[in-house]
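Here's the structure, in structure tokens; my notes come after.
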Amino acid sequence: MQSKIQNRIKTVFWEFVVFILHLIACVPSHHIRRFFYRLSGIEIGSGSTIHTGASFYKPSNISIGKDTIIGEGAVLDGRDKLQIGDHVDIASEVMIYNSQHDLESENFHAISAPVVIEDYVFIGPRAIILPGVTIGKGAVVAAGAVVTKDVNAFEIVGGVPAKVIAERKNKDPHYKLGRAAWFR
């Protein structure tokens, strides 16, 4: 009984933190948002920014490298480990999940697996990344793609479910994404 009560208290606490972060996501200053996101436990590298409207689940399991940009309205799931590398460009309304219901379970319980997004990845608008996926260095995920399996380094994937459609020619990226827009 004690454990059940403790679990419920922890759940309510994280629900409250997520609610506060939802409100902070509307503040039109990435400096203020980043301060509170770090306070909630998100690791954010130097030069990285998260644009307005982002949503989080259990932020303490989320790690974002340096010079990475997360677009407006992104969903970042920290119910398991979410690791985002350096110089990653995640467009608007991308959803990255690492927990989902087990469709074969009698009680429809949740199962989770970490998601890893390596350096120099670009994820297009409204793409969805599902639990257990690793996206290799320099890979590109096309707009609207649903990624259900690992993506190898420098592959370009698209579709539902995502399949390889091309390969990125630049195998040695060194670019920086630039400064964040002040009010986004």
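The values are calculated or read from the model by the stated rules, or taken from the named source; none is laboratory data. It should be emphasised that the depicted structure is a prediction, and the values quoted were computed from it without experimental measurement. Glycine gets a Cβ as well: all are built from the backbone with ideal geometry, and neighbour counts include every protein chain shown.
Here are the numbers for this structure:
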quantity	calculated
Cβ-Cβ under 6 Å pairs, at least 6 apart or on other chains, region 27-45 side more than 18 Å from Gly73 (Cα to Cα), far side assigned to a helix (DSSP H, G or I) and among the polar types (S, T, N, Q)	Gly41/Ser60
Residue tally, condition more than 14 Å from Ile24 (Cα to Cα) and either surrounded by fewer than 19 Cβ atoms within 10 Å (Cβ to Cβ) or without any contact (Cβ under 8 Å) to a residue 60 or more places away in the chain (or both), over region 58-73	10
Subset of region 100-122 (residues that are surrounded by 10 or more Cβ atoms within 10 Å (Cβ to Cβ) and among the acidic types (Asp, Glu))	Asp102, Glu118, Asp119
Yes/no for His51 being in contact with a strand residue (DSSP E or B) (Cβ under 7 Å, 6 or more places away or on another chain) and more than 17 Å from Trp182 (Cβ to Cβ)	no
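So that you can scan it fast, the table gives a plain yes or no per residue for (1) at pLDDT 95 or above; (2) over 17 Å from Ile62 (Cβ atoms):
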| position | (1), (2) |
| --- | --- |
| His101 | no, yes |
| Ile123 | yes, no |
| Gly138 | yes, yes |
| Gly144 | yes, yes |
| Thr148 | yes, yes |
| Val151 | yes, yes |
| His174 | no, yes |
